[in-house]
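Engineer: I'd like to ask you about the structure that follows.
The numbers here are math on the coordinates, done by the rules we state, and not lab data. Keep in mind that this is a model prediction, so the values were computed, not measured. Note that each Cβ is placed from the backbone with ideal geometry, even for glycine, and that neighbours are counted across all protein chains shown.
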Amino acid sequence: MYKEKIKYYKNSCIYGEFLHKDDWFIFLDSCNDVGDFGRYDILSSNPRVKVTTKGNHINVVEDNIVSSFYDNPFDVLQKYFKLRDNYNDLPFNNGMIGYFGYESFNSSDNSNVDFPDIAVGFYDWAIIVDHKKNEAWLTYEEKNSTIENIINKFNSGNLKLKYNHNYSFSGFKKNISRDKYIDNILKIKKYISNGDCYQVNYSQNFDVNYKGSSWDIYKDLRELNPAPYSSFFKIHEQFVISSSPERFISITNNSIQTKPIKGTLKRLADKKLDLEQISLLKNDEKNISENLMIVDLLRNDLSKCCELNSVIVTKLFDIESYASVHHMVSTIVGKLKPDTSTIDILKACFPGGSITGAPKKRAMEIINELEDRKRGIYCGSIGYFDNNNNMDTNICIRTIMLTEDKLSFSAGGGIVHDSDPLDEYFESLEKVSIFIKYFSNGEFKW
């Protein structure tokens, strides 16, 4: 594995300007330049192998040869994902990048969903941007014309970001009424009272017609709503935009971290009142209870793949603030068992407990009953799985699925015994208030 330094740009979208039209372009974006969040950004395109799945129907494109068959998605990914000893100090050398939708490992027929359940590429090169050291690197297996073009492009002059606001939105639609949403929350509370579960993450979704470039929309949204686990992914003529504040699982040198979010209050323009919101969230018994349930669930999930007694909670009920909301976030860490791969731990923990509820299996059954739709990429995960057995993935909240002329996104929250249905309804809207105002042209009111 080789690496070569290229010119550093604080806004990594500049690299994306050169790459975004490529096949399977992917950009894992920390939004450091607008949010001062993470350290690294990762960009790549034109993977050597492309894998998409719907249920157990698998499509693999390798060296322009298409294979279509039925199999277990995990078994197929294990076949292509090979660990190698090619360590360097960057977070990604080569390996697998892409998304896993919420229904990824449910073998039911998802033919009514536009997007694949899973879309991952196996990439032989990447641009890694290190915002701590103000450096950018190109990693690659072998130098070819693509690599030469990237080196020449980003070492020649000062490149500028292009903004094109030639896009429009129409037909904004909320797909469930307020009364129906509240009625379903009451049903969940009844399930909880009957002992079926402790918490269920319930959501609603929105549709919008659009015209214009999804890449230009992404550049706009990342400034309006910067988040540390953002991403842009182009799969043929379908696109995924994520402005996620939530990490699912990270592994570096066998050290595991997950950061579930449970507990949300909207931000206020008045600084004094906004600080009071933080205090309210910190001391809210319902949110503390909700967060603790998911911490316990994730501790159990991580323990399946971690060394004995290595799973600990390092931060409990921490508050993190974003463009429109404050979140209560806890941090759980562990040490990966020997001979355990990042694919193994994905299988053990997916989907993330913060967007299912507890216990997970029963909560997911109730979600399937009441939401009456496939979640698709929403509440799944986007990220990388490096061949050195490192990984970093988000939870796909604040995430948009775009086809040629239509986009959709969802929002929800954890319902517990003490939940107030009307408060939960408004909280779900507050979480995506920036999206709602942006895509409804400021016309949607609640």
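Engineer: Let me make sure I get this right: for the range 229-298, a, b and c are the square roots of the gyration tensor eigenvalues over alpha carbons, sorted descending. Under 1.5 in a/c it's rounded, otherwise prolate if a/b > b/c, else oblate. Which is it? Mind dumping the intermediate values first?
Structural biologist: Values: a/c = 2.55, a/b = 1.39, b/c = 1.84.
Note, shape of the range 229-298 comes out oblate.
Engineer: If you build the Cα gyration tensor of the range 152-219 and take the root of 5 times each eigenvalue, what three semi-axes come out, in whole angstrom, biggest first?
Structural biologist: Equivalent ellipsoid semi-axes, largest first: 45, 19, 6 Å.
Engineer: Okay, next question. Under 10 Å, Cα contacts only: if you run a Gaussian network model on the chain, which one of 225, 88, 201 comes out with the highest mean-square fluctuation?
Structural biologist: 88
Engineer: Which residue, 398, 178, 247, has the most motion in a Gaussian network model of the chain that connects Cα atoms within less than 10 Å?
Structural biologist: Fluctuation is largest for 178.
Engineer: Next question. Pairing the Cα long axis of helix 285-303 with the longest principal axis of the chain, what angle in degrees results, from 0 to 90 and rounded to the nearest 10?
Structural biologist: 40 degrees
Engineer: Are any of the pairs 174/272; 190/431; 219/271; 50/234 more than 23 Å apart by Cα-Cα distance, and if so, which?
Structural biologist: Working: 174/272 33 Å; 190/431 25 Å; 219/271 28 Å; 50/234 12 Å.
From 174/272; 190/431; 219/271; 50/234, over 23 Å: 174/272; 190/431; 219/271.
Engineer: Here's another thing I want to ask about it. Can you pull the three principal axis extents for the Cα set of the chain, in Å, largest first?
Structural biologist: Result for the chain: principal-axis Cα extents of 62, 51, 44 Å.
Engineer: So, one more: Give the aspartates and glutamates reachable from residue 187 as a straight Cα distance under 17 Å; neighbours fewer than 8 places away on the same chain don't count.
Structural biologist: Excluding near neighbours in sequence, the set is 179, 196, 365, 369, 371, 372, 418, 420, 423, 424.
Engineer: Just check the range 210-340 against the gyration tensor rule for me: Cα atoms, a ≥ b ≥ c as the square roots of the eigenvalues, rounded for a/c under 1.5, and otherwise prolate or oblate depending on whether a/b exceeds b/c.
Structural biologist: It comes out oblate by the Cα gyration axes.
Engineer: What are the residues whose amide H is under 5 Å from the amide H of residue 325, where those residues sit 5 or more places off or on another chain and H is modelled from the backbone?
Structural biologist: Amide H neighbours of residue 325: 267.
Engineer: Binning at 10 angstrom from zero up to the longest distance, how are the C-alpha pair distances of the range 270-319 distributed in percent?
Structural biologist: Reading upward from the zero bin: 22, 38, 24, 13, 3.
Engineer: Continuing with the same structure: By how many degrees, 0 to 90 and rounded to 10, does the Cα axis of helix 145-154 deviate from the longest principal axis of the chain?
Structural biologist: The helix 145-154 is inclined about 70 degrees to the chain.
Engineer: Based on the alpha-carbon gyration tensor of the range 380-446 and its eigenvalue square roots a ≥ b ≥ c, which shape applies: rounded if a/c is under 1.5, prolate if not and a/b is larger than b/c, or oblate?
Structural biologist: Verdict is oblate for the range 380-446.
Engineer: Per residue, how big is the convex hull around the C-alpha atoms of the range 141-277? Give it to me in cubic angstrom, could you?
Structural biologist: For the range 141-277, the hull spanned by Cα atoms encloses 276 Å³ per residue.
Engineer: Moving to a separate point now. From the phi angles alone, apply the Karplus equation (6.51, -1.76, 1.60; θ = phi - 60°) to the range 35-51 and give each ³J(HN,Hα) in whole Hz, x where the residue is Gly or Pro.
Structural biologist: x, 6, 9, x, 9, 10, 10, 10, 9, 7, 6, 6, x, 5, 10, 10, 10
Engineer: Please identify, among 353, 95, 35, the residue showing maximal mean-square fluctuation in a Gaussian network model of the chain using a 10 angstrom Cα cutoff.
Structural biologist: Residue with maximal mean-square fluctuation among 353, 95, 35: 35.
Engineer: Excluding residue 236 itself, calculate the net charge of residues whose Cβ lies under 14 Å from the Cβ of residue 236, where each Lys or Arg counts +1 and each Asp or Glu counts -1.
Structural biologist: -2
Engineer: Mind pulling the angle between the C-alpha long axis of helix 421-431 and the longest principal axis of the chain? Nearest 10 degrees, somewhere in 0 to 90.
Structural biologist: 20 degrees
Engineer: Quick one: work out Rg over Rh on the C-alpha atoms of the range 319-387, Rh as Kirkwood radius.
Structural biologist: Numbers: Rg = 15.1 Å, Rh = 14.9 Å.
With Rg and the Kirkwood Rh in hand, the quotient comes to 1.02.
Engineer: Also, quick follow-up: What number, in percent, do you get for the relative contact order of the chain if the mean sequence gap of Cα pairs under 8 Å and at least 6 apart is divided by its residue count?
Structural biologist: Here the relative contact order equals 21 percent.
Engineer: Further question: Ignoring solvent entirely, what values of log10 I(q)/I(0) come out of the Debye formula for the range 1-66 at 0.13, 0.14, 0.27, 0.30 Å⁻¹ when each Cα is a single scatterer?
Structural biologist: Computed log10 I(q)/I(0) values: -0.53, -0.59, -1.19, -1.30.
Engineer: Filter 133/437; 132/286; 5/347; 7/79; 262/361; 315/445 down to the pairs with a C-alpha to C-alpha distance above 30 Å, please.
Structural biologist: Distance filter (> 30 Å) returns 133/437; 132/286; 5/347; 7/79; 315/445.
Engineer: Jot down the per residue volume, in cubic angstrom and as a whole number, of the convex hull over the alpha-carbon atoms of the range 106-175.
Structural biologist: Per-residue hull volume (Cα only) is 264 Å³.
Engineer: What's the ranking of 418-425, 387-394, 406-413 by average number of surrounding C-beta atoms within 10 Å, highest first?
Structural biologist: Top to bottom by mean Cβ count within 10 Å: 387-394, 406-413, 418-425.
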